[in-house]
Structure formats: structure tokens, C-alpha cells
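Engineer: Here it is: the structure, laid out below.
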Amino acid sequence: MKITEVKVFVCSPGRNFVTVKIFTDAGLYGVGDATLNGREMAVVAYLQEHVAPCLIGRNAHDIEDIWQYLYKGVYWRKGPVNMAAIAAIDMALWDIKGKAAGLPVYQLLGGKSRKGVTLYAHASGETIEDTLDKAEQHIKQGFKAVRLQCAVPGLNVTYGVLGDKADYFELQGSRPLPPEEEWCTQKYFNMIVELFQQARARLGNNVHLLHDVHSRLTPIESARLGKLLEPFGLFFLEDASMAENQDNYKVIRQHTTVPLAIGETYNTIWDCKDLIQNQLIDYIRVAATHAGGITALRRIADFASIYNVKIAPHGAPDLSPICFAAHMHLNIWAPNFGIQEFVGFGNAHSARIFKHGFEVKDGMAYLNDAPGLGIEFDEEAAQEYPYKRSYLPVSRLEDGTVWNW
Ligand code: GCO
Ligand code: MG
């Protein structure tokens, strides 16, 4: 089955998505997600100029060989642009293989390990009360796990919480230049413990609670936060600190038993190898789109399983529904699946472009048995939503120093 064409699309139904579609001489095609939030066009150019020409005429069944060819063949291995491109090709090839076999991708991975995928929802508010109101709404809808983020009194805007509550989540499609946000660790500490104290008092002990620090603390500050949050039994604390230096997590781990999760910005197994094999984390949050696709995530999941680390794939809205589909198949199969972040499937515009049959009920997501990834990309609808340059925010300390967003 020969690859005949590789098309790359970029559309913006509210936010930018990069999609790859691979066609074969068997009449089968597959789709993949290559979205790199804020740097989309770098991946588009890379795919069009440097990847697509190498694929024409290759056997679409050779997923592993093509993966290795693109990874090793580039010489300048790793990196977010390169790995997002490889990821999209890889997803599309798994989609094709599934369609050729008449089987959903999870069957090709080894079959189902569970009925459905447990999701966590986001509750983000301007005040603690507002955040907990939102958490209660999710719990009423059946969610068993909720991530809590709250504005920090005294700071203008911070990650996860924006003024426009209707569309607070990293408001996209409208940022021709990076907006600036503020950070102050002391002010954050004043709020965060109170948030979880009130959450347990109001929501009880049966719901799983999570929180994303978004890498804004130093390791020793994260260690302190972990200790302070221990009484509230978090499911996990995400991105407590940056881990470009993976030893940072040794500091945190020495001090606290709060379960730790990291990985959404990682591109390869090498970025998380030391964290996993030294058991410095509990959940690895790599995304199929940013870490080399299904082939790479399967390898990371297997490696992690040896060290009791579970997968909890990144599920932000800047990953397209095609990435969500890839995660669904991995999550249903992986013996060491932990939890899946979930913020819905985007707006009505993106629903016109990405068509899928996933069911979400009582805080769980279910796959149907459609062959391949089970998701369609409508090329014509996509053309109605042209690319708009849009950046992620940049963060500064109150004295003006650039900080981690
Ligand atoms: C999350 C992430 C996202 C990222 C976003 C950047 O946990 O969902 O932290 O909110 O900020 O994916 O593009
Ligand atoms: Mg995060």
C-alpha cells in the first residue's frame, strides 16, 4: 500500500490546528494532529518542505520504519517542531493500518484493558467560591475527578483564569502578539491552601482533586506546596516545577508524598527517562502530538509501567480532537493508564471540521468500534476558517523579570 500524497492543513475554528492527511494507492487515507500552539506555521513548513517529499512511494504499513527514518534521518533529533511532524505522520499511518485491517487502533495495540477512560474536568474561577461552584457542576454531571485553578488575589491574570469567564481557557485565535501575565509565589501560597481546604469541606472526600502549578515554583517551593497540600489527598500535582533539569524532582520527592505529574512539554522518551526510572513522578503527561505519536507513546507507556508510573496524556484544547482520538486508543489499551484531562471537544465550528463518535458519560469517555482512529477531518469545512497568528502569554514577576508562564 503506497503513500501517494501528504496534505497539510492549518485551520482556526476559534484556535489554530495543524492537520495532516496521508493518502494511499489503496484508496485509504489517515489523519494526524501536528498542532504546536503558538508556533503552528513552523510545523506546517517543516512538514511540507522536509517531511512530505520523503514519504511518497513508501509502504504505509511500515509505521515503525517510517518513524525511525524520520527520527534518525533528520540527524538533529528531538525538538517540538520535528516531533510534532513525526507525530502527525505516525497517527495518520496508524489510522490507515486500522482502516486496512477493519479494526480500531486499540485492537492493534493489544485490545481493551478497561471499559472506558476516566476523565478529569477543569474548574477554574475568579474566586474560590466560583471555582468550587464550577467543580460542583462537574460533579453533578458525573465527573469523578476535577482540576481546580483559581485567580490569585492581587495578580491581574494568571494561567488558567482569565477575565472573560465564558472562554477563559487560554483564549485563542485573538493574540497577534503575546499578552503578558503576572506572577508572585507568595500571593499564590496565600490562596492555594485555602482553595483546597474549602474544596474538601464543600466537595467531600470522594472526588479526586487535581491542580496544575504550571511550572511556576522553584523545586524547594514545590516541595513546600506538596507538604501543605498533603492533608487534602490530591490525585496529582501537575508541573510543580520545570524539569529541564530532571534532578529538580529529587528535591521535591524528598519532601512530600503528594503524587507528581509532568510531561506535557516533553518531546521524547529521553525527556522523561530519568524522572521515570528514578521513580520521581507518578504520572507521565506526554501528548501523542508533541512526543512523536502513538508509536512513541506506546514505548513511553511500556517503559513507565516498569516503574509504576501511569500515563495521563495532556488534554488541553490546543491539541486537536485527532490527538484526543489517539489518546483514547492508547488509554483504553495501556495497562498503566491513569487519567485523561478533558475540556470538551471544542466549539461548534471545530465540530464541523472534526467528526467523531466518542461518547462522554458520567465523567468517562467511550470509544466505538470504528476502524482506525475513528475520526474524520472535513477539508472543505476547514477552509472556511483560515489561520490566525496567535501566541501563548508570557509571564513576568512583579519586578518585571520574565518568569515561567
Ligand atoms: C494543561 C496545560 C495547558 C497548556 C497549553 C499550552 O494542563 O492543560 O498546562 O493548559 O498551558 O496546552 O498550549
Ligand atoms: Mg498543564
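The values are calculated or read from the model by the stated rules, or taken from the named source; none is laboratory data. All of these numbers come straight from a predicted model, not from anything done at the bench. A quick note on method: Cβ atoms are made from the backbone with ideal geometry, for glycine too, and the neighbour counts reach across all protein chains shown.
Engineer: Could you please tell me which pairs satisfy a Cβ distance under 6 Å, a separation of 6+ or placement on different chains, a first residue in segment 194-218 that is free of Cβ contacts under 8 Å to residues at least 24 places away in the same chain and closer than 14 Å to Ala240 by Cβ, and a second residue that is among the hydrophobic types (A, V, I, L, M, F, W, C) and within 16 Å of ligand 2 (Cβ to nearest atom)?
Structural biologist: none
Engineer: In the set Asp362, Asp378, Asp369, which member is of a type in the set (Asp, Glu) and closer than 20 Å to Val20 by Cβ?
Structural biologist: On the way: Asp362 fails: closer than 20 Å to Val20 by Cβ; Asp369 fails: closer than 20 Å to Val20 by Cβ.
Of Asp362, Asp378, Asp369, the one residue that is of a type in the set (Asp, Glu) and closer than 20 Å to Val20 by Cβ is Asp378.
Engineer: Also: Quick check, is Arg253 touching a residue at least 60 places away in the same chain (Cβ under 8 Å) and surrounded by fewer than 23 Cβ atoms within 10 Å (Cβ to Cβ)?
Structural biologist: no
Engineer: If you don't mind, there's one more thing I want to ask. Collect the residues in segment 98-130 that are of a type in the set (S, T, N, Q), assigned to a helix (DSSP H, G or I) and within 22 Å of the chain's Cα centre (by Cα), keeping them in residue-number order.
Structural biologist: Just the residues of segment 98-130 that are of a type in the set (S, T, N, Q), to begin with: 107, 113, 118, 124, 127.
Next, from what is left, pick out any that are assigned to a helix (DSSP H, G or I): 107.
Scanning segment 98-130 gives no hits.
Engineer: Here is a further query. If we only count helices (runs of 4 or more DSSP H) wholly inside segment 195-302, which ones have 3 or more residues that are of a type in the set (Gly, Ala, Ser) and in the same structural domain as Tyr120 (by TED's automatic domain parsing)?
Structural biologist: 219-229
Engineer: Okay, moving on. Which residues, counting only those in segment 3-47, are basic (Lys, Arg) and touching a strand residue (DSSP E or B) at 6+ places or on another chain (Cβ under 6 Å)? Walk me through how you get there before you give the answer.
Structural biologist: Restricting attention to segment 3-47, the residues satisfying the condition of being basic (Lys, Arg) are 7, 15, 21, 39.
Selection gives Lys7, Lys21.
Engineer: Tally the residues that are at positive phi and either buried (at least 17 other Cβ atoms within 10 Å of the Cβ) or touching a helix residue (DSSP H, G or I) at 6+ places or on another chain (Cβ under 7 Å) (or both), restricting the search to segment 177-229.
Structural biologist: 2
Engineer: Separate question: Name the residues in segment 296-322 that are among the hydrophobic types (A, V, I, L, M, F, W, C) and within 15 Å of ligand 1 (Cβ to nearest atom), would you?
Structural biologist: Ile311, Ala312, Ala316, Leu319
Engineer: Identify, by number, the condition in (1) surrounded by 23 or more Cβ atoms within 10 Å (Cβ to Cβ); (2) away from ligand 1 (no atom under 14 Å from the Cβ) that Glu264 doesn't meet.
Structural biologist: (2)
Engineer: Criterion first (within 20 Å of Ala240 (Cβ to Cβ), modelled with pLDDT of 95 or more and of a type in the set (Val, Ile, Thr)) does Ile306 satisfy it?
Structural biologist: no
Engineer: Identify the single condition in (1) more than 16 Å from ligand 1 (Cβ to nearest atom); (2) β-branched (Val, Ile, Thr); (3) within 18 Å of Asp282 (Cβ to Cβ) that Val213 does not satisfy, given that it satisfies every other one.
Structural biologist: (1)
Engineer: What is the number of the single condition among (1) assigned to a helix (DSSP H, G or I); (2) within 16 Å of ligand 2 (Cβ to nearest atom); (3) within 18 Å of Thr268 (Cα to Cα) that Gly315 does not meet?
Structural biologist: Result: Gly315 fails condition (1) only.
Engineer: How many residues are within 16 Å of Ala291 (Cβ to Cβ), of a type in the set (Asp, Glu) and either in contact with a Cys (Cβ under 7 Å, 6 or more places away or on another chain) or surrounded by fewer than 22 Cβ atoms within 10 Å (Cβ to Cβ) (or both) if we restrict to segment 65-90?
Structural biologist: Residues flagged as within 16 Å of Ala291 (Cβ to Cβ), of a type in the set (Asp, Glu) and either in contact with a Cys (Cβ under 7 Å, 6 or more places away or on another chain) or surrounded by fewer than 22 Cβ atoms within 10 Å (Cβ to Cβ) (or both) within segment 65-90 amount to 0.
Engineer: If Tyr385 satisfies all but one of (1) of a type in the set (Ser, Thr, Tyr); (2) surrounded by fewer than 17 Cβ atoms within 10 Å (Cβ to Cβ); (3) touching a helix residue (DSSP H, G or I) at 6+ places or on another chain (Cβ under 7 Å), what's the number of the condition it fails?
Structural biologist: (2)
Engineer: All but one of (1) touching a residue at least 40 places away in the same chain (Cβ under 8 Å); (2) within 16 Å of ligand 1 (Cβ to nearest atom); (3) in contact with an Asp or Glu (Cβ under 9 Å, 6 or more places away or on another chain); (4) farther than 23 Å from Val207 by Cα hold for Gly346, so report the exception by its number.
Structural biologist: (3)
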